[in-house]
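Each value in this text was obtained by applying a stated rule to the coordinates, not by laboratory testing. Everything quoted here is computed from the prediction, not taken from an experiment. Cβ coordinates were reconstructed from backbone atoms using ideal geometry, including for glycine residues, and neighbour counts include every protein chain displayed.
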């Protein structure tokens, strides 16, 4: 029966039907067929947005500004009526200080809003299949204000991102510079879904940081809503 497993390797031709393979102790043998995100990319469902190194030394990049002038370090909006959910996969941030006198960005947090249908700004996301700025139902936000946002963003939780997390003012010297934190990756792996009308935004918590710049990236898969 095909519901049974076979111990040991199986040599088969394309198009044939075979039982699953097991190891000598009965465990099911499972191998990676391709790279982690290849399926989503090759089907044209994988998109990203981000910004190159940009100053975030303004209150609009922080939780001190949660209204329509809020400027995410990285974020995304799923317009009402898009017909898709945005499955957030990964976020990356690099934060660097740009002067000897610096005030850190503090913690980086995820903020959300729902029922948003009047936002008029945003970045066209990058298709990870064609490398063209096309194909996405969403709008990305990175150094772009959420113009048209109704109400305020809500601070939800800490991100897995960091770098220069202090919110203290530090005077460095040429001989004693603050060590730079490494690049951080937040592997969200689908634990955040941005629904139609939803906004996801990354903000810092120092209001504002001083002499701080950031580069960022957000990766997501667009999945049709099944009804």
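If you line up the Cα atoms of the stretch 1-101 on their principal axes, what length do they span on each, largest first, in Å?
67, 42, 22
Calculated from DSSP H runs of 4 or more alone, at -39500 (n - 2.57) each and per residue, what is the 222 nm mean residue ellipticity of the chain, nearest 500?
For the chain, the value works out to -500 deg cm²/dmol.
Hey, any idea what Rg/Rh is for the stretch 53-95, computing Rh the Kirkwood way over Cα pairs?
1.04
Pick from 20, 214, 145: which is most flexible by mean-square fluctuation in a GNM of the chain where alpha carbon atoms under 10 Å apart are linked?
Answer for the Gaussian network model of the chain: 20.
Would you calculate the separation in nanometres between label points at residue 124 and residue 14, each defined as 7 Å from the Cα along the Cα-to-beta-carbon direction?
3.6
From the gyration tensor of the Cα coordinates in the stretch 72-164, what semi-axes in whole Å does the equivalent ellipsoid have, largest first, with each one equal to sqrt(5λ)?
Ellipsoid semi-axes (Å, largest first): 26, 17, 13.
Which three numbers, in whole Å and largest first, are the semi-axes of the equivalent ellipsoid of the chain derived from its Cα gyration tensor as √(5λ)?
Result for the chain: semi-axes of 40, 24, 14 Å.
Using packing as a proxy for protection, rank 102-113, 33-44, 190-201 so that the peptide with the highest average count of other Cβ atoms within 10 Å comes first.
Put in order of decreasing packing, that is 102-113, 190-201, 33-44.
Multiply the residue separation of residue 185 and residue 53 by 0.36 nm, subtract the distance between their alpha-carbon atoms, and state the gained length in nm to one decimal.
45.9 nm
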